[in-house]
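The values are calculated or read from the model by the stated rules, or taken from the named source; none is laboratory data. These figures come from a predicted structure and were not determined experimentally. Don't worry about glycine lacking a Cβ; one is built from the backbone with ideal geometry, like all the others, and counts go over all protein chains shown.
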Amino acid sequence: MNKLRILGTTAFVIAASIVITSCKDKRSTGWEYAPNMYEHKAYEYDQPNNNFKDGKTAQVPPAGTIPLGFKRFDYPNTREGYDKASLEVKSILAQTPQHLAEGKALFITFCSPCHGVTGQGDGLVVQHGYPPPPSYSKGQSSRGGAMKDLTDGKIYHTITYGVNAMGSYASQVAPEERWKIVMYVHHLQNL
């Protein structure tokens, strides 16, 4: 009988301690397992950081690296790079009606303020007194040759780096979007 009383008392004490400890704090998550996995211990970009020689958390990316999701364009912003791109760079996208429609939408957003909706160099900016860019179907390129003869590489290079009064659109237009614009510019060259 004594063994039964000890066993009952032990079970009662265990049950009572579970009830008392579980009712203590409703907001408690209980025991923490591997707290370093969910407590933020990372440095903020503007905080000092002793892990680096210069003491800064924000570091310049290593030379030769490219951002995630971008493709390397190994043609420098020079006349030689432009000419080399003309010979070597070809569109990576298939010519589909969907790509052409997306290229048109991108062209209207980014290019038509200067080049005009039809690529004739009569955009809104020109109407406010800025010099007009050449027409894609009738004009002459400032780098020589007719605008209607521009190749994929020349157009892509120009969108990436800009030329004359046109600035670079590399930060506004992703590489795949540039190819869609190139496709639409070829359409405008034939108008």
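Considering only residues that are crowded, with 23+ Cβ neighbours inside 10 Å and more than 20 Å from T118 (Cα to Cα), which ones fall in the stretch 157-187?
H157
For the stretch 99-122, what are the residues that are within 17 Å of V163 (Cβ to Cβ) and assigned to a loop (DSSP other than H, G, I, E, B)?
C111, G119, G121
Find the residue count for the stretch 60-89, including only residues that are assigned to a loop (DSSP other than H, G, I, E, B) and either more than 22 Å from the chain's Cα centre (by Cα) or surrounded by 12 or more Cβ atoms within 10 Å (Cβ to Cβ) (or both). Break it down into steps so the answer makes sense when it comes.
Step one: list which residues in the stretch 60-89 are assigned to a loop (DSSP other than H, G, I, E, B), which gives 60-78, 89.
Okay, now just the ones that are also either more than 22 Å from the chain's Cα centre (by Cα) or surrounded by 12 or more Cβ atoms within 10 Å (Cβ to Cβ) (or both), so 73, 75-78, 89.
Selection size over the stretch 60-89: 6.
Can you tell me which residue in the stretch 38-78 is nearest to W179 (Cα to Cα), limited to those that are of a type in the set (G, A, S) and at pLDDT 85 or above?
Let us first name the residues in the stretch 38-78 that are of a type in the set (G, A, S), namely 42, 55, 58, 63-64, 69.
Pick out the ones that are also at pLDDT 85 or above and you get 55, 58, 63.
On the way: G55: 41, A58: 33, A63: 26 Å.
The selected residue is A63.
Taking the stretch 123-142, which residues are exposed (fewer than 15 other Cβ atoms within 10 Å of the Cβ) and in a loop (DSSP other than H, G, I, E, B)?
Step one: of the stretch 123-142, the residues exposed (fewer than 15 other Cβ atoms within 10 Å of the Cβ) are 124, 127-131, 138, 140, 142.
Residues satisfying the conditions are H128, G129, Y130, P131, K138, S142.
Go through (1) of a type in the set (A, V, I, L, M, F, W, C); (2) touching a helix residue (DSSP H, G or I) at 6+ places or on another chain (Cβ under 8 Å); (3) under 22 Å from P76 (Cα atoms) one by one and return the number of the condition L106 breaks.
Going through the list (1) of a type in the set (A, V, I, L, M, F, W, C); (2) touching a helix residue (DSSP H, G or I) at 6+ places or on another chain (Cβ under 8 Å); (3) under 22 Å from P76 (Cα atoms), L106 breaks only (3).
Kindly indicate which of G81, G116, G103 is modelled with pLDDT of 90 or more, among the small types (G, A, S) and within 15 Å of R178 (Cβ to Cβ).
Values: G81 fails: within 15 Å of R178 (Cβ to Cβ); G116 fails: within 15 Å of R178 (Cβ to Cβ).
Of the residues listed, the single one that is modelled with pLDDT of 90 or more, among the small types (G, A, S) and within 15 Å of R178 (Cβ to Cβ) is G103.
Looking only at residues that are among the polar types (S, T, N, Q) and closer than 18 Å to H187 by Cβ in the stretch 142-175, which one is nearest to the chain's Cα centre (by Cα)? Before you say what the answer is, go through the steps one by one.
Taking the stretch 142-175 first, the residues among the polar types (S, T, N, Q) are 142, 151, 158, 160, 164, 168, 171-172.
Checking which are closer than 18 Å to H187 by Cβ leaves us with 151, 158.
On the way: T151: 25, T158: 19 Å.
Ranking the candidates gives T158 first.
Would you point out the residue of the stretch 97-120, among those that are touching a Gly at 6+ places or on another chain (Cβ under 9 Å) and surrounded by fewer than 19 Cβ atoms within 10 Å (Cβ to Cβ), that is farthest from I159 (Cα to Cα)?
V117
Taking the stretch 7-37 as the search range and keeping residues that are in a loop (DSSP other than H, G, I, E, B) and at pLDDT 70 or above, which one is surrounded by the most Cβ atoms within 10 Å (Cβ to Cβ)?
Filtering the stretch 7-37 down to residues in a loop (DSSP other than H, G, I, E, B) leaves 23-34.
Those still in the list that are at pLDDT 70 or above too: 31-34.
Working: W31: 6, E32: 10, Y33: 7, A34: 7.
Only one residue fits best here, namely E32.
Scanning the stretch 122-157 for residues that are without any contact (Cβ under 8 Å) to a residue 60 or more places away in the chain and in contact with a Leu (Cβ under 8 Å, 6 or more places away or on another chain), which turns out nearest to D83 (Cα to Cα)?
S141
Filter the stretch 143-155 for residues that are assigned to a loop (DSSP other than H, G, I, E, B) and either under 17 Å from T118 (Cβ atoms) or at pLDDT below 90 (or both) and give the result.
Within the stretch 143-155, the subset assigned to a loop (DSSP other than H, G, I, E, B) is 143-145, 150-151.
Those that are assigned to a loop (DSSP other than H, G, I, E, B) and either under 17 Å from T118 (Cβ atoms) or at pLDDT below 90 (or both): R143, G144, G145, L150.
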